[in-house]
Every structure is written in structure tokens, then in C-alpha cells.
1. Where does helix 75-85 land angle-wise versus the long Cα axis of the chain, in degrees 0 to 90, nearest 10?
2. In terms of Cα to Cα distance under 20 Å, which aspartates and glutamates are near enough to K13, apart from those fewer than 8 places away along the same chain?
3. Evaluate the charge dipole of region 15-94 about its Cα centre and quote only its size in Debye, nearest 20, assuming +1 on the Cβ of each Lys and Arg and -1 on the Cβ of each Asp and Glu.
4. As I understand it, the value is the acute angle between the Cα axis of helix 32-45 and the longest principal axis of the Cα atoms of the chain; what does it come to in degrees, rounded to 10?
5. Considering just Cα atoms, how many Å³ per residue does the convex hull of region 53-95 enclose?
6. Over region 22-95, what is the relative contact order in whole percent, taking alpha-carbon pairs under 8 Å and six or more residues apart?
7. Please name which of N31, P57, A94 has its Cα lying farthest along the dipole of region 15-94 towards the positive end, using unit charges on Cβ (Lys, Arg +1; Asp, Glu -1) and the Cα centre as origin.
8. Using Cα springs under 10 Å in a Gaussian network model of the chain, which residue among T67, T59, T28 shows the largest mean-square fluctuation?
Amino acid sequence: MKIQNNGFGKNEKVKFPVNFDLKIIMHTLPNPQISIAEMESLLIELHIPFKNWRYKPSTKGTYTSFTVNIDLESESLMKKLYVDLRTIPGFKMAI
């Protein structure tokens with residue numbers, strides 16, 4: 001997978017395994033732990049190690065951004081994760 005380095009650098013290939021903070025935007029639920037439980041279930045199912053959940057509601061409270069540190073072993077696993085995240089109720093986007 002190639003990424004652009006802020007538009008100023010050359011194309012670089014992501015080297016796996018990789019550790020990074022995954023940010024997931026969800027529609028806000030009354031209890032954020034419900035969203036975390038749904039996302040944790042997916043990460044466990046895909047055997048993706050995770051730690052350090054953080055979350056913050058948007059200014060208007062419509063969305064909540066969740067951030068979690070994950071370890072990915074391969075590009076194919078990363079692609080599967082992003083596809084499977086779309087199946088979670090209330091999912092808006094992930095970066």
C-alpha cells in the first residue's frame with residue numbers, strides 16, 4: 001500500500017507489521033461503552049491486538065470519535081478491518 005507523505009514527499013510503502021492509532025467516527029449513543037464493545041468484538045474476531053481506548057463527542061454531540069491503538073500484521077488484514085468496520089451500526093468513517 002502506498003501513501004503520500006503530506007503531499008511533499010515521495011510515495012512510501014507501509015511496512016507491516018505496523019502499530020498506529022485507529023480513529024473511528026460513530027453516531028453518538030447514550031453510552032459510549034456500547035460502541036466500544038461493538039468495535040472490540042470486531043478486533044477480537046480479527047485477532048488484532050488493541051489498547052488504550054479514548055473517545056470524545058463532537059461539539060454538537062451528533063458523533064463520537066473513538067481512538068484505539070492497534071497492531072496490524074498485514075495489508076490484507078488492514079483492508080478486511082476497514083471493510084468490516086462498515087458493518088457496525090452507527091459507523092460513519094475510520095481513518
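FYI, it's all coordinate maths here, none of it is from the lab. Treat the numbers as computed from the prediction; the structure is a model and nothing was measured. Methodologically, a virtual Cβ is constructed for each residue, glycine included, from the backbone with ideal geometry; neighbour enumeration extends over all protein chains shown.
1. Approximately 20 degrees, to the nearest 10.
2. D21, D71, E73, E75
3. Numbers: 10 positive and 8 negative charges, 78 e Å.
It comes to approximately 380 debye.
4. Roughly 40 degrees, rounded to the nearest 10.
5. Working: hull volume 3.1 nm³, N = 43.
Expressed per residue, the convex hull around the Cα atoms of region 53-95 is 73 Å³.
6. Values: 102 pairs, mean separation 33.8, N = 74.
Value for region 22-95: 46 percent.
7. Checked the options; the winner is P57.
8. Checking each option, the largest mean-square fluctuation is seen for T59.
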